[in-house]
Every structure is written in structure tokens, then in C-alpha cells.
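Read through the structure below, which is laid out as C-alpha cells, and then see the notes.
The values are calculated or read from the model by the stated rules, or taken from the named source; none is laboratory data. All values derive from a computational prediction rather than experimental measurement. In this analysis, Cβ positions are derived from the backbone assuming ideal geometry, glycine residues included, and neighbour counts consider all displayed protein chains.
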Amino acid sequence: MFQKLPLALKVCIVCCSTTFMFSCAFWVYSSEEAKSSFLLAALFQFILTWSLIFGAFIFYQTFKYFRLPQLYYSQLPFEKTAFYKRIGVQLFRKILINSFFRHLNPRVYIREKSRAEFLRFIEETKQSETSHLLSGFATLIFQLLYLRDSNLSSFWILGVFNLIFNMYPLLLQRSNRFQFLVKLDKFS
């Protein structure tokens, strides 16, 4: 059965499986080792978070057009500019665009002011948002495993990394998309 799959799908399955196995093995190792040092725990959780983000990245390089149901991408009544400003998304955006992280995904930047570019950008925000949702969910599973094992320092450290590297990027993509949907209406 595996031999009949397209090459891209085979590569995705192998990479995602390897990443997940690495993450699980790393979690087992770090569960014990991280109890000895807060700095070591932080380093382990940082590596674990990025390995899970890498898994979601590989998934999306293979399945570029995978989307959740359209209802998920709809703006909720409370999702106004003031909401995103109040929870610090705009501050996160400023930090992000002034750091080396801005180079990680150049596709989430506008190249020109045109309807076609805005549509491309809106689709890219959906892809990026869903990727962060998947890696955030995987990270949450590992957080719950740490909580189950009463490893509270690793639980909280991983939670902070999940917030910084998954939740805020997800919220930033939502905020950007809603702003550009308004701008897109001006092109009609």
C-alpha cells in the first residue's frame, strides 16, 4: 500500500512520523532530566516545541491546500481590532517583524497592493493559522503529559513556548486576515 502513494505523501508520512517519534523520545528523556535544572527544562521544552512546529510545517508543505471548515476561519463577534490590541497581538507583531523570526515564513507578507495579492495573502494566513493550530494542539498534548507526571516546571515552560510560538502567531494570522478582508472589499 505504501508503495502506491505519491512520493510527496511518502516523504510527509516519514518526516511527520520521525518528528513525532523524536518528540515522544525527547519528552521521555526530558521528563526526568529537566527536573534537575530550570534552564535545562527550558532548553528541552524549546526544542520540543520547535520539533512539533517542524512536524506541522512538513504536513503543510505536503498538503498545501488542506483547510479546516470555512466556519473556523470566520470572524467571531468579539474579534475586533481592539480585542487583538488588548491581548497584545499588535505588540507581538512589532516584535516579530523586528526580529529574525520574520524570515521564517516570507509568504505571509504583502508584496504589492492588488486584489490578487490580497487573496493570496488571505489564503496564506489560513494555511499558517491552521499549521500553528495543529502544532499548538500537539504541544498541548505534551503539556498534559507533563501535568499528569506532576512535572509542573516543564508544563509551565512548554505552556509559555506554546503561547509564544503557536497561539500568538495564530491570533496574528487571524487579525491580519480580518484586516485584509476589509481592504479587499475596497477593490470590489
Any residue at all in the stretch 94-101 that is closer than 21 Å to Ala25 by Cα and loosely packed, with under 13 Cβ neighbours inside 10 Å? no
So Phe137 ticks every box in (1) modelled with pLDDT of 90 or more; (2) within 10 Å of the chain's Cα centre (by Cα); (3) crowded, with 17+ Cβ neighbours inside 10 Å but one. Which box is left unticked? (3)
Being at pLDDT below 90, surrounded by 14 or more Cβ atoms within 10 Å (Cβ to Cβ) and closer than 30 Å to Pro6 by Cα narrows Phe66, Phe121, Phe142 down to just Phe121
Would you pick out the residues in the stretch 59-81 that are among the hydrophobic types (A, V, I, L, M, F, W, C) and either farther than 20 Å from Ala138 by Cβ or not in a helix (DSSP H, G or I) (or both)? Phe63, Phe66, Leu68, Leu71, Leu76, Phe78
For the stretch 145-166, which residues satisfy the criterion of being within 23 Å of Lys80 (Cβ to Cβ) and crowded, with 19+ Cβ neighbours inside 10 Å? Asn166
Suppose the filter is over 19 Å from the mean Cα position of the chain (by Cα) and either of a type outside the set (Asp, Glu) or modelled with pLDDT of 85 or more (or both); does Ser31 pass it? yes
